[in-house]
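Input: a single structure, listed below in structure tokens.
Quick note: the coordinates plus some simple rules give every number you see, no bench work behind them. Everything numeric here is computed off the predicted structure, so don't read it as measured data. Because the Cβ atoms are built from the backbone with ideal geometry, glycine has one as well, and the counts that use them run over all protein chains shown.
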Amino acid sequence: MKKNEKGFTLIEMMIVMLIISVLLMITIPNVAKHNSNINNKGCEAYVKMVQAQVQAYEMEKNKIPTLAELQSDGYLNNVKGCPNGQEVAIDSQGNVTAAAKEE
């Protein structure tokens with residue numbers, strides 16, 4: 001029998017698995033936290049984009065549109081709301097806001 005075989009012992013493999021597990025436990029909560037932050041930033045950007053389309057519509061048609069009018073006249077391709085689940089609304093003054101969906 002050779003006593004000088006190259007390879008990893010069980011203890012070495014367990015230590016590597018422990019290190020990988022600790023790294024995963026540290027990174028997974030941070031990724032989830034950043035996902036929420038990314039969705040909120042996406043919502044802010046979506047609201048600004050809809051606001052710009054409302055202003056363009058208002059300049060062309062001389063009235064404040066609804067979301068359905070923006071979509072039917074080609075100003076918005078798809079009115080689906082924010083990535084974080086909030087709904088976009090246009091008030092009577094033409095201001096666009098995002099609020100939690102009503103159930």
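Tabulated data
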quantity	calculated
Label-point separation in nm, Ile19 to Ser92, each point 7 Å along Cα→Cβ	6.7
Backbone N within the stretch 77-93 under 16 Å of label point (7 Å from Thr66 Cα along the Cβ vector)	79-80, 88-93
Relative contact order, percent, the stretch 13-99 [alpha-carbon distance under 8 Å, six or more residues apart]	28
Within a Gaussian network of the chain (alpha carbon springs, distance under 10 Å), most fluctuating of Gly74, Gly85, Gly42	Gly74
For the stretch 40-74 and the stretch 4-22, distance of Cα centres in Å	58
Dipole moment magnitude, nearest 20 debye, the stretch 1-60 about Cα centre, only Lys, Arg, Asp, Glu C-beta charged	540
Packing-based ranking, highest mean first, of 76-82, 9-15 given that Cβ atoms within 10 Å are counted	76-82, 9-15
Within the chain: Cβ-based charge dipole about Cα centre, in debye rounded to nearest 20 (Lys, Arg +1; Asp, Glu -1)	760
Too-long pairs where the Cα-Cα distance tops 25 Å, listed order kept, from Lys61/Lys101; Lys41/Lys80; Lys33/Lys80	Lys61/Lys101
